[in-house]
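**Q** Provided herewith is a single structure, encoded as structure tokens, for subsequent inquiry.
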Amino acid sequence: MKNVITIADKEIRAYFASPIAYATLFLFLLISGFSFNYSVYKENSSEMLSIFLVMIYLLILIIPAITMHLFAEERKSGTIELLMTYPLQDWEVVLGKFSAGFLLFIGMMLLTFHFPLFLFMWGNPDPGAIVTGYLGLLLLGGTFLSIGLLSTSLTSSPNVAFMIGAGILFAFFLLGRIVVVIAGTGPIADFLSYISLIEHFRNFTMGIINSRDIVFFLSVIFFMLFASIRVVEIRRWKS
Amino acid sequence: MIEVEGLTKEFGDMVAVNNVSFTVESGEVLGFLGPNGAGKTTTMRMLTGYLPPTRGTARIVGKDVFKDSLAVRRKIGYLPENVPLYQDMSVSAYLNFVARVKDTDNRTRNDVIEEILLNCGIREVRDKTIGKLSKGFKQRVGLAQALIGSPMVLILDEPTTGLDPRQIAQIRDLIKQLASGHTIILCTHILPEVSMVCDRVVIIHNGEIVAQDSVKNLTKELTKTQMTYLTVHGPSKLVKESLKTVEGVLVVESHPGENTTDDINNYIVHARLDRDIRQVLAKSVVNAGFGLLELKSHALSLEDIFLQLTPKSGSKTGLH
């Protein structure tokens, strides 16, 4: 566990040493801000729902941008040769990098707290829905991050890692859309609905904490992290 | 301390390292020499657990580098050839990171780092970002991270590439100091320092070991003739003919060098090994009326040995 913290610490420092983190954060807050603006002034809405949705669409691109370098850059620059020859276990490295991304993500979420603050000042929003909404966002973000981590573990090019990650997340997003289009019931719609990440998020926006959703998110996170560890192991034993 | 047996690495059809076996005793400094592409780095990467061997085994401190990789990694310090460091970190932050990873005791960690900063001569750049350092300093930071944790075994892949002569001398001295108390494998092209620092050498060529011995023994084994270096004043052709007439002389070759003019030239005389020919040679030159300016025994340099044992592909290894 100590090593996980050491790795996470190093990655977080690296985030703040590069302009990319700041630029990404800035864009995220800017676009969310615009969407908040629109939601409050144009739609007179005192709910966070539409803002949450905009944030999620942004995260489909932003989270792969956060995770793309975590393994791929180490391979590209050659630092992986030292990382893999230190007395570190593969799971420590994977968890450490995941934790760094997750902490950065939490930071991003904290920076959006002024939105609900304004809503409370000007309107009468449902506090429960907002709290559970952020909780769901946390789980969803964790899921996105774990997928991003798997993507970066697969390649030695950060750009390719970004495309794989964004591609997978976008595919999930499309699946969610297809469910709407099919609009029917029946086994296919049910299945698609089950694997659609966003569908599992919906309950959270309505103030509902459903254990089924929590289990789903945690399972995906666990599976993706496990897969990442495997990939790192396998790349160690191949050339 | 290090036992390598039949280590082989194949990349598809290409055999990079072929059946390599050698040992390194505790406290020894082994020079690992070879031309570019000979398989030195690939061998080192297998020893450190970065690449898995295709066949064969290696043990460091009794542990298999493949099966007990984690245990082995706790005991080694590794400086890869391209010195891959995290460019965005400061030197001290980086060394701190490595110290934590290598499980350095909390209480002594700062002292350990201070000492290493001092020994590697990087104290003055401790707060600088690694990406902004000169090559010489980067190299030294790379060496510093390998030293953290006082590993029993150091594997240094070309630690002096790109350094200026003063820095090379510094690193060489540092390695000499480290030699007592550490077992070191030194991969290098820089032959002068090998003779100065290494107890034994392994020469590798096209993935195979072509020689494995102390420099002294290798020199002895490969020295087939007694060689004497002469600087003589006199017409080159005549001098050569005169030298050839001396009893025991086999071959006389011209040798480039300083101090040559039209009349003053250098030669290497190859003679039979049975008798010391120097006095006879000197008398012969003087009696023939030429000016003898310099005469000394000439030994095979490590470079000569190296070049002899690692010919370009197509020619046989060995001697004329």
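Every residue, every condition in (1) out of contact with any Ser or Thr (no Cβ under 9 Å at 6 or more places or on another chain); (2) farther than 18 Å from B:Pro84 by Cα; (3) in contact (Cβ under 8 Å) with a residue 24 or more places away in the chain, yes or no:
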{"residue": "B:Asp105", "(1), (2), (3)": "yes, yes, no"}
{"residue": "B:Thr129", "(1), (2), (3)": "no, no, yes"}
{"residue": "B:Gln139", "(1), (2), (3)": "no, no, yes"}
{"residue": "B:Pro151", "(1), (2), (3)": "yes, yes, yes"}
{"residue": "B:Ala179", "(1), (2), (3)": "yes, yes, yes"}
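**Q** Does B:Val15 satisfy the condition of being within 14 Å of chain A (Cβ to nearest Cβ), β-branched (Val, Ile, Thr), surrounded by 15 or more Cβ atoms within 10 Å (Cβ to Cβ) and over 27 Å from B:Gly207 (Cβ atoms)?
**A** no
**Q** Let me ask you something else. How many residues are surrounded by fewer than 17 Cβ atoms within 10 Å (Cβ to Cβ) and either within 14 Å of chain B (Cβ to nearest Cβ) or at pLDDT 90 or above (or both) if we restrict to region A:14-24? Lay out the reasoning, then the answer.
**A** Step one: of region A:14-24, the residues surrounded by fewer than 17 Cβ atoms within 10 Å (Cβ to Cβ) are A:16, A:18-20, A:22-23.
Checking the rest, the ones that are also either within 14 Å of chain B (Cβ to nearest Cβ) or at pLDDT 90 or above (or both) come to A:16, A:18-20, A:22.
Qualifying residue count, region A:14-24: 5.
**Q** Can you go through B:Gly149, B:Gly162 and tell me which one is within 22 Å of B:Leu30 (Cα to Cα), touching a Lys or Arg at 6+ places or on another chain (Cβ under 6 Å) and within 14 Å of another protein chain (Cβ to nearest Cβ)? Walk me through how you get there before you give the answer.
**A** Values: B:Gly162 fails: within 14 Å of another protein chain (Cβ to nearest Cβ).
Just one listed residue meets the conditions, B:Gly149.
**Q** Please go through (1) within 14 Å of the chain's Cα centre (by Cα); (2) surrounded by fewer than 16 Cβ atoms within 10 Å (Cβ to Cβ); (3) closer than 25 Å to A:Ala171 by Cα for A:Leu27 and return the number of the only condition it doesn't satisfy.
**A** Answer for A:Leu27: the failing condition is (1).
**Q** Restricting the first residue to region A:98-126 and requiring it to be at negative phi, which pairs with a second residue that is polar (S, T, N, Q) and surrounded by 14 or more Cβ atoms within 10 Å (Cβ to Cβ) meet a Cβ separation below 7 Å and a spacing of at least six or different chains?
**A** As it stands, the answer is A:Phe98/A:Ser146; A:Gly101/A:Thr67; A:Thr112/A:Ser32; A:Leu119/A:Ser46; A:Gly123/A:Ser46; A:Asn124/A:Ser46; A:Pro125/A:Ser46, since those pairs meet every condition given.
**Q** If I filter region B:233-243 for residues that are within 14 Å of the chain's Cα centre (by Cα), in a helix (DSSP H, G or I) and over 24 Å from B:Asn18 (Cα atoms), do I get at least one hit? Let's see the steps before the verdict.
**A** Within region B:233-243, the subset within 14 Å of the chain's Cα centre (by Cα) is none.
No, region B:233-243 has no match at all.
**Q** Determine, yes or no, whether A:Tyr38 is surrounded by fewer than 19 Cβ atoms within 10 Å (Cβ to Cβ), part of a helix (DSSP H, G or I), without any contact (Cβ under 8 Å) to a residue 24 or more places away in the chain and over 19 Å from the mean Cα position of the chain (by Cα).
**A** On the way: surrounded by fewer than 19 Cβ atoms within 10 Å (Cβ to Cβ): yes; part of a helix (DSSP H, G or I): yes; without any contact (Cβ under 8 Å) to a residue 24 or more places away in the chain: yes; over 19 Å from the mean Cα position of the chain (by Cα): yes.
Judged against the criteria, A:Tyr38 is a match.
**Q** While we're looking at this one, here's another question. Considering only residues that are free of Cβ contacts under 8 Å to residues at least 60 places away in the same chain, surrounded by fewer than 20 Cβ atoms within 10 Å (Cβ to Cβ) and away from chain B (no Cβ under 14 Å), which ones fall in region A:56-83?
**A** A:Leu58
**Q** Does B:Asp262 satisfy the criteria of being acidic (Asp, Glu), under 21 Å from B:Thr225 (Cα atoms) and part of a loop (DSSP other than H, G, I, E, B)? Explain how you work it out, then say what you get.
**A** Working: acidic (Asp, Glu): yes; under 21 Å from B:Thr225 (Cα atoms): no; part of a loop (DSSP other than H, G, I, E, B): yes.
So B:Asp262 fails the test.
**Q** Pick out, from region B:54-128, the helices (runs of 4 or more DSSP H) lying fully within it that include 3 or more residues that are within 10 Å of chain A (Cβ to nearest Cβ) and either buried (at least 20 other Cβ atoms within 10 Å of the Cβ) or among the polar types (S, T, N, Q) (or both). Lay out the reasoning, then the answer.
**A** Working: elements: B:69-75, B:91-101, B:106-119.
The qualifying helices (runs of 4 or more DSSP H) are B:69-75, B:91-101.
**Q** Next question. Looking only at residues that are surrounded by fewer than 20 Cβ atoms within 10 Å (Cβ to Cβ) and either within 14 Å of chain B (Cβ to nearest Cβ) or among the β-branched types (Val, Ile, Thr) (or both) in region A:206-228, which one is farthest from A:Phe144 (Cα to Cα)?
**A** Among them, the one singled out is A:Ile208.
**Q** For region B:198-221, give me each residue that is outside any strand (DSSP E or B), modelled with pLDDT of 85 or more and surrounded by 19 or more Cβ atoms within 10 Å (Cβ to Cβ).
**A** B:Cys198, B:Gly207
**Q** Out of the residues in region A:84-128 that are of a type in the set (D, E, K, R) and closer than 30 Å to B:Tyr78 by Cβ, which is farthest from the other protein chains (Cβ to nearest Cβ)? So that I can check it myself, show each step before the final result.
**A** Step one: of region A:84-128, the residues of a type in the set (D, E, K, R) are A:90, A:92, A:97, A:126.
Subset that is closer than 30 Å to B:Tyr78 by Cβ: A:90, A:92, A:97.
Details: A:Asp90: 10, A:Glu92: 9, A:Lys97: 13 Å.
Applying the filter and picking the extreme gives A:Lys97.
**Q** Shifting gears a bit: Would you call A:Met121 loosely packed, with under 15 Cβ neighbours inside 10 Å and either of a type in the set (A, V, I, L, M) or under 23 Å from the mean Cα position of the chain (by Cα) (or both)?
**A** Numbers: loosely packed, with under 15 Cβ neighbours inside 10 Å: yes; either of a type in the set (A, V, I, L, M) or under 23 Å from the mean Cα position of the chain (by Cα) (or both): yes.
So A:Met121 fits the description; yes.
The values are calculated or read from the model by the stated rules, or taken from the named source; none is laboratory data. Every value quoted in this text rests on a predicted model; they were computed, and no experiment measured them. Neighbour counts run over all protein chains shown; Cβ positions are idealised from the backbone, glycine included.
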